[in-house]
Amino acid sequence: MKSIEAKDFSFRYLHQAEGENALSNLSFEVEDASVVGIIGRAGAGKSTLVKSLNGLVPKVDLGYQQGDMIVDGLNTRQYDVNQLARHVGIVLQNPEVQIFSLTVGDDVAFGPANLGLPRDEIFRRVADAIRAAELEHLVDRNPNDISGGEQQCLAIAGILAMEPKIMAFDEPVSMLDPLGKQRVMNILKQVTRRSGTTSITTESGADIEAVAEVVDRIIAIDQGKILLDGDPATVLQDERINQIGVGRPQVTELFLKLKEQGISFERIPITLEEGERLLAEKLRQLGVKRLVRPPDFRTQQINHFGPPVVEVENVHHFYNPQVHALKGVSFKIPERQIVGIIGQNGSGKTTLARHLVGLLKPTNKDSVLKVKGVDIKKMRLDKIIRMINYVFQNPDDQLFAETIWDEIAFAPRMIDLPEDEVKRLTEEAMKVFDLEAHKDRYIFGLDEDLKTYLSISCILPLQPDVLLIDEPTTGLDEQGEVKMMQSLRMLRDEMGKTIVIITHNMKTVGNHCDRVMVMSKGNLIMDGTPREVFAQDEKLLEADILPPQITRLGQALSKEFECPKDVLTVDEMVAIVDFSVKNKPHGA
Amino acid sequence: MDTVFAYRQGTSFLHKTLHPFTKMVVFLVIVILSGLWLDIRYLLPLLLVGFVLAYIARVPAKLFLFIVFALALTWFPTVRSTIAQARPEYFKVLDPEWAATGILTVNVPFLGLERLGLTYGSLYWLAGRVCRFATVVTWAIVFLYTTPISDIANTLYALKTPPSIVFVVQITYKFIPYMASIISQIQDAQKLRGWHLRTLNLVKVFKRSLPLANPLMRRTAMIVEQVTIATQVRGFGSGKVTPLRDLNLSWLDKGLIAFFIGGLLFAFVAMALWKVGMI
C-alpha cells in the first residue's frame, strides 16, 4: 500500500517570481511503514515538501500549487489541515513552539482532546504515546524543566497520540545534543517499526549519520527538484551527493576513500555498526591483527599560542536559589587558540559565554574574570565588546539593516568612529567571508549561510581579540562548514584572534579545534585536546556527548585490533588502515 | 529564571489545595472590587492580603518590581489625571472642602478645566489609584504563579468556554516568558554591537529602535507561523474539545467561592446604599 503519492507536484510561494518554484514537478511514491530521509541543503525545499504533506502549503503558507499530493488516500487539495492532522503528523525543529501545556501528560493529550475523543480513548492514546516515546518517568513534569532531547520526544509523543498514518519530521535533531539526537532517532525508528507508521525525516547535513542509521530510503533534493532517490547506500555513494553539499556519514566516506586506495569491500556501509562489521571482516581477511598509526602521522598540530588572554577562576552563577548554573568554573585560554565548548543542552555553556562578555556577572564575590589581564567584572559593556565579543546562534536575533554593508557598518557607527574608519573596517570585515560581492543585497531573503557569515562579520569591525561564536555551523551544508572554519582559522592565523565556539557538532570539534572543554551540569568536567577528550568515551557519556562517528569506529575496533581510540578524522583512519594493511608484518 | 505572570511549581496551600476554579473566582472578585473601590482604606487590606498570600506561595519579591516598573512607565497619564482632580464636586464621601484644599493649584479659565493641581483630595485619589493597580497586579502575580495554565485551560473547557478563547489564553500565557526571553536576547545581541539608547534626540531614538524592532518582528512572525503549524497539526480547530478533567470542587473550594461571591454582592449593596469604597 502507498501512503504518499506525489503526482507532478510543484509549489511556488506568493513572494516567489514565476518560474522560481520552491518545489518543481516532484513525482514519487512512499510505501506504508517505510522510513524516508529527505536530504538537501538549507533552502532546497525540504520543509516545503514536509508542509505539503498535510496541506500547510498552500493553505497556511500561501502559494500556487500544481499537481497533487495524495496522503493516506486523501488528496490534500480537498481537506483542511486539521482534518489531515488525523492522517499526517508533523514534528518541527524547535520543540519549544510545539509544547502548549504545563505537564508532559497534558501536552500529549492536547491533540486527542482537540479531536473531541472520549476521555477514556484520550487517556489510552496518551499512555501508548508516552510509552512509545519513553517518557513514563516524566509524565507529571513541567516540559520547561526537561532536556531538549526529552522535549523533542514529547513533541513526537504529542503527534503519536493523534495516531496518524504518516509522521513527518522537519530536522528533528538539529537543536539537540549528541545523545538527544540519538534518543530521538531511536524513538523515530522504533515507532515506525512497532506501529507501521510511515516516517519522513529531513536533514541538511550535520546529522546525516543519525539519519542514515534509521532510514530505508533517501530522496536527495536540490533547488526543489529530486536529484537522487533510492536505497540509502546507493544514494550516499553517488558522486552527485557532493553537488548538494549534504555530505556523507564518516563511515561511508572512509570506505569510499579506502576503495580509492585499492581496498575493496563487498558493500559500502552507511551506519557505524555495519561499518565496524565490514571493516573488521576485511581486516581479518587481509590478516591484519593491529591497526597502528603511521609513524610519520602528526597527531599534534604545532601551534604557537600566546599568553593567556582569558582567565576564569571559580565562577559561580545562581539564576535563583534552586538553579546553580555555573559551579565554580576555572580555566585559562591562551591567545590564538581555537577552543570548542561542548555539553548537553542546559549544561551551562551559554551562561559561561554570557559571563565572558559581561552580559552576566558571577554571583560569588571571589571569582576572577579577566580578558587580556583586565578584570571585566566591573567594566562597562561598551568597553568589553572591543576586547571580547559573542555571536548568538540565531542570526535573526541581530540582523535588521537594509543591506549587508549597512549591517556590518552598524557597530563601528554606534561607537562613533569617523566615517572613513567605518568604511575601512567594514570592507576589511567583508573580506573574511567573501561578502564583498553581496554588499548591496537586502537582508530579507538571504540564504542561511550568508546570514551566518554576516552575523559574525558584524562584530569584526569592533576588533575584539576574542570571538565567542554559538553554533557557527548550524544551518550550513558541508561546504559552508568548511568555509566557516577556514575563515575562523584565517582570523586566528592572520589577525591573531582567539576563537571560542560553542557547538553540538562533534565533527567540527574533531576537525578544527585545538582544545575542547566539556561542560556538564554547570561544571567543567573535561578540558584537553580533542584527542585526549574524545578518547575518554565513558566519561563523555556523563555529559551526554558522543564522539564523532569515526572516533567511535576506532573505539569499536580497539578491542580486537588495538585501533587507537583517539582517531579524529576520516583521513587519519584511512592512513591507519592503509598503513596497517601495507605493513602487516609489522602490524601482525 | 522566574518571570512575572508565569507559573512556578510549588508545594504551598495555594499551589496544591485550592482548585484552579476557586482561584479564578477569587481573583475575579478582587479585580471587580479593585475596579469598584477607590478608597485606600478598603483597597489597602486587599493589597496586604495579596502580599500575605504571595509570602505563603513563596513568590520571589523581585517579581513585584514589575509594579514599580509599570507605574514608572505610566507616570504621565497618572500625573495628568491626578492634577485634574482638584475640584471639590468630584468628591462624594470625603469632605469637599478638605479635599479641595490646595497644595499647589492653578486656575485655568478655558476648556472647562477651571482648576488644576495638587490638593489633599487629588493626592488621596492618587494613593487609591496606585493601591488599586498594585492590588490587581499582586493578586494576578499570585494567581498565575500558583496556577498552571493547563489547569486554567481545563477549567475553562469544563465551563464550556469556546475552545478558541481558551486557546488564546493558553498561548498568550505560554509565550509571555518565551517572547520575553527573545526580546532580551535581541537586546543583548545588539548591545554586543555597541547599540544603546542613550540619547535625547527623538529622531535618533526612533532610528535606534529599529535594531530591536526589526529582528523582533521577524522572530515574532516566525514563531506565530510555527505555533500555527504546531496547533493545526494537532487538530486545533477541528470542533468540540474534550475537557481532560471535571471540576470536582472540595467543600473548602465551595465555601470560599460562596464567601467571595457573597462578599462581592454585599460590596455592591454597600456601595449603592452607603457609598462604601467611593471617595
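Checking residue B:35 against (1) surrounded by 18 or more Cβ atoms within 10 Å (Cβ to Cβ); (2) touching a Lys or Arg at 6+ places or on another chain (Cβ under 8 Å); (3) not polar (S, T, N, Q): exactly one of these is not met. Which one? Answer for residue B:35: the failing condition is (1).
For segment A:483-493, state whether one or more residues are surrounded by 23 or more Cβ atoms within 10 Å (Cβ to Cβ), of a type in the set (Gly, Ala, Ser), more than 14 Å from chain B (Cβ to nearest Cβ) and within 27 Å of residue A:529 (Cα to Cα). No, segment A:483-493 has no match at all.
Set side by side, the residues B:176, B:182, B:171 differ, and just one is at pLDDT 85 or above and either part of a helix (DSSP H, G or I) or more than 22 Å from the chain's Cα centre (by Cα) (or both), which is B:182.
Checking segment B:145-155 against the condition returns no match, with no residue being modelled with pLDDT of 90 or more and within 8 Å of chain A (Cβ to nearest Cβ).
Rundown of residues vs (1) closer than 22 Å to residue A:443 by Cβ; (2) within 10 Å of chain A (Cβ to nearest Cβ), yes/no style:
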site: B:178; (1), (2): no, yes
site: B:182; (1), (2): yes, yes
site: B:193; (1), (2): yes, yes
site: B:202; (1), (2): no, no
site: B:206; (1), (2): yes, no
site: B:213; (1), (2): yes, yes
site: B:223; (1), (2): yes, yes
site: B:232; (1), (2): no, yes
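If the condition is being in a loop (DSSP other than H, G, I, E, B) and within 24 Å of residue A:41 (Cβ to Cβ), then segment A:455-470 contributes only A:458. Count of segment B:247-279 residues, restricted to those that are modelled with pLDDT under 95 and β-branched (Val, Ile, Thr), is 2. Taking the conditions (1) in a helix (DSSP H, G or I); (2) touching a residue at least 40 places away in the same chain (Cβ under 8 Å); (3) outside the structural domain of residue B:42 (by TED's automatic domain parsing); (4) surrounded by fewer than 18 Cβ atoms within 10 Å (Cβ to Cβ) in turn, residue B:217 satisfies each one other than (2).
Looking at this structure, is residue A:566 buried (at least 19 other Cβ atoms within 10 Å of the Cβ), over 23 Å from residue A:312 (Cβ atoms) and of a type in the set (D, E, K, R)? Don't jump to the end; show me each part of the working.
Values: buried (at least 19 other Cβ atoms within 10 Å of the Cβ): yes; over 23 Å from residue A:312 (Cβ atoms): yes; of a type in the set (D, E, K, R): yes.
In short, yes.
Residues of segment A:94-113 that are assigned to a helix (DSSP H, G or I) and in contact (Cβ under 8 Å) with a residue 12 or more places away in the chain: A:95, A:96, A:98, A:104, A:105, A:107, A:108, A:109, A:110, A:111, A:112. Taking segment A:465-477 as the range and being at pLDDT 95 or above and crowded, with 21+ Cβ neighbours inside 10 Å as the test, the residues that pass are A:466, A:467, A:468, A:469.
Do the conditions hold for residue A:146, that is, is it more than 29 Å from residue B:160 (Cβ to Cβ) and either facing chain B (nearest Cβ under 8 Å) or touching a residue at least 60 places away in the same chain (Cβ under 8 Å) (or both)? Reasoning before the result, please.
On the way: more than 29 Å from residue B:160 (Cβ to Cβ): yes; either facing chain B (nearest Cβ under 8 Å) or touching a residue at least 60 places away in the same chain (Cβ under 8 Å) (or both): no.
Here the answer is no, as residue A:146 does not meet what is asked.
Could you check segment A:158-186 and list, in sequence order, the residues that are under 18 Å from the mean Cα position of the chain (by Cα), aliphatic (A, V, I, L, M) and at pLDDT 85 or above? Scanning segment A:158-186 gives A:173, A:184, A:185. Among the conditions (1) outside the structural domain of residue B:15 (by TED's automatic domain parsing); (2) in contact with a helix residue (DSSP H, G or I) (Cβ under 6 Å, 6 or more places away or on another chain), residue B:135 misses just one, which is (1). Checked against the criterion of being hydroxyl-bearing (Ser, Thr, Tyr) and modelled with pLDDT of 90 or more, segment A:483-493 contains one or more residues that satisfy it. Give me a count of the residues in segment B:1-24 that are part of a helix (DSSP H, G or I) and either within 13 Å of another protein chain (Cβ to nearest Cβ) or farther than 21 Å from residue B:171 by Cα (or both). So the count comes out to 6. All but one of (1) surrounded by fewer than 21 Cβ atoms within 10 Å (Cβ to Cβ); (2) under 28 Å from residue A:449 (Cα atoms); (3) out of contact with any helix residue (DSSP H, G or I) (no Cβ under 9 Å at 6 or more places or on another chain); (4) among the hydrophobic types (A, V, I, L, M, F, W, C) hold for residue A:42; state the number of the condition that does not hold. All conditions are met except number (3).
Would it be correct to say that residue B:257 is more than 14 Å from every other protein chain (Cβ to nearest Cβ) and either part of a helix (DSSP H, G or I) or over 29 Å from residue B:34 (Cβ atoms) (or both)? Lay out the reasoning, then the answer.
Details: more than 14 Å from every other protein chain (Cβ to nearest Cβ): yes; either part of a helix (DSSP H, G or I) or over 29 Å from residue B:34 (Cβ atoms) (or both): yes.
Criteria met by residue B:257.
Checked against the criterion of being more than 14 Å from every other protein chain (Cβ to nearest Cβ) and at pLDDT below 95, the candidates A:451, A:439 yield just one match: A:439. Of the helices (runs of 4 or more DSSP H) that lie entirely inside segment A:209-289, those containing 2 or more residues that are of a type in the set (Lys, Arg) and surrounded by fewer than 21 Cβ atoms within 10 Å (Cβ to Cβ) span A:250-260, A:272-285.
Look at segment A:531-543 and say how many of its residues are buried (at least 23 other Cβ atoms within 10 Å of the Cβ) and at pLDDT below 95. Give the steps one after another, and end with the answer.
Keep residues of segment A:531-543 that are buried (at least 23 other Cβ atoms within 10 Å of the Cβ), which gives A:533-534, A:540.
Subset that is at pLDDT below 95: A:540.
Qualifying residue count, segment A:531-543: 1.
Does segment A:66-77 contain at least one residue that is over 19 Å from residue A:196 (Cβ atoms) and within 14 Å of chain B (Cβ to nearest Cβ)? Yes, segment A:66-77 contains at least one residue that is over 19 Å from residue A:196 (Cβ atoms) and within 14 Å of chain B (Cβ to nearest Cβ).
Of the residues that sit in segment A:96-125 and are closer than 20 Å to residue B:177 by Cα, in contact with a Leu (Cβ under 7 Å, 6 or more places away or on another chain) and of a type outside the set (Val, Ile, Thr), which one is farthest from the other protein chains (Cβ to nearest Cβ)? That would be A:107. Modelled with pLDDT under 90, more than 7 Å from chain B (Cβ to nearest Cβ) and farther than 30 Å from residue B:144 by Cα: is that true of residue A:80 in this structure? Yes, satisfied. Among the residues in segment B:93-108, are any under 25 Å from residue B:31 (Cβ atoms) and either touching a residue at least 24 places away in the same chain (Cβ under 8 Å) or not β-branched (Val, Ile, Thr) (or both)? Within segment B:93-108 (the criterion being under 25 Å from residue B:31 (Cβ atoms) and either touching a residue at least 24 places away in the same chain (Cβ under 8 Å) or not β-branched (Val, Ile, Thr) (or both)), the answer is yes, since at least one residue qualifies. Using the structure shown, decide if residue B:116 is crowded, with 20+ Cβ neighbours inside 10 Å, without any contact (Cβ under 8 Å) to a residue 40 or more places away in the chain and not basic (Lys, Arg). No; evaluated as a whole, the condition is false for this residue. Counting only residues that are surrounded by fewer than 18 Cβ atoms within 10 Å (Cβ to Cβ) and out of contact with any Pro (no Cβ under 8 Å at 6 or more places or on another chain), segment A:416-431 holds 8 of them.
Within segment B:25-71, the residues that satisfy the criterion of being outside any loop (DSSP other than H, G, I, E, B) and either in contact with a strand residue (DSSP E or B) (Cβ under 7 Å, 6 or more places away or on another chain) or among the β-branched types (Val, Ile, Thr) (or both) are B:25, B:26, B:29, B:30, B:31, B:32, B:40, B:49, B:52, B:56, B:67, B:68.
The values are calculated or read from the model by the stated rules, or taken from the named source; none is laboratory data. Because the structure is a prediction, the values reported are computed rather than measured. No Cβ is skipped: glycine too gets one built from the backbone with ideal geometry, and neighbour counts run over all protein chains shown.
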